[in-house]
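The structure under discussion appears below in the form of structure tokens.
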Amino acid sequence: MVDKWLKTILAIVAFFMFLMLGTFQARAENPWGFGTDIGFLTDTADDTVFTMSFQGDYFLDSEFSIGPQLLITPGGDLTQITFAGIARYHIPLGAVSLVPFGGLGFVYADYERGRTDDQDASYIFPFGATAAFHISRTISLASTLIFTFQNLDFDNRRDSDNFNIGLLFGFHFQP
């Protein structure tokens, strides 16, 4: 159990270091943006769980971006790691931008129940929308509603984990 937490914490620290090193070299002509959020996922195998999200955005133009999204759910009996490629369309509405998104990826879940440990991997289809409230030209406070479809099947469970809803809050940085 301690080994799993140590690996999760080291992965989070390494990811933040990667993001911080990238921001020192950021310039106005850099097409990359990134964001980080915290929140919760509901209707998982462990009911409602804490989750963290990290995403990168490569802006093809001022309104369309593509990039990776990583969701890490390290709490409780359920450890879940989701990696997906996401396409986002940024709709400016004054001081707020509405950003619908959708994508495709993979999810790995480890569900510990007492002495039993159950693992599964599946595809994932995340989609949803983000409301980004602009603090400055490059920094936004964001609120994201995310829906995910997957097919996680755990032993000794009446139903599989097919659908989750998440609500996340965080910061997004645009070029």
>> Just to confirm a number: summing +1 for Lys and Arg and -1 for Asp and Glu over residues other than His172 whose beta-carbon lies under 9 angstrom from that of His172, what do you get?
In response: -2
> Phe133 versus Val96, label points 7 Å from Cα toward the beta carbon: distance in nm?
Replying inline: 0.9 nm
>> Given the options Gly94, Gly67, Thr144, identify the residue whose Cα lies farthest towards the positive end of the charge dipole of the stretch 34-173 (+1 on Cβ of Lys, Arg; -1 on Cβ of Asp, Glu).
In response: Gly94
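Could you calculate the FRET efficiency of Phe169 with Phe149 from 1/(1 + (r/R0)^6), where r is the beta carbon distance between them and R0 is 25 Å, rounded to 0.05?
According to the calculation, E is roughly 0.65.
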> Fewest first, what order do Tyr123, Tyr111 take by the number of other Cβ atoms within 10 Å?
Replying inline: Tyr123, Tyr111
> Kirkwood hydrodynamic radius of the stretch 34-173 from all distinct Cα pairs, in Å?
Replying inline: 15.4 Å
>> Pairs of alpha-carbon atoms within less than 8 angstrom and 6+ residues apart define the contacts here; what relative contact order does the stretch 34-173 have, in percent?
In response: 22 percent
> Using the per-residue mean of other Cβ atoms lying within 10 Å as a proxy for protection, in what order, highest first, do the peptides 30-37, 135-142, 51-58 fall?
Replying inline: 51-58, 30-37, 135-142
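Just so you know, all these numbers are worked out from the coordinates, no wet-lab data involved. For clarity, every value in this text was computed on a predicted model and none was experimentally measured. No Cβ is skipped: glycine too gets one built from the backbone with ideal geometry, and neighbour counts run over all protein chains shown.
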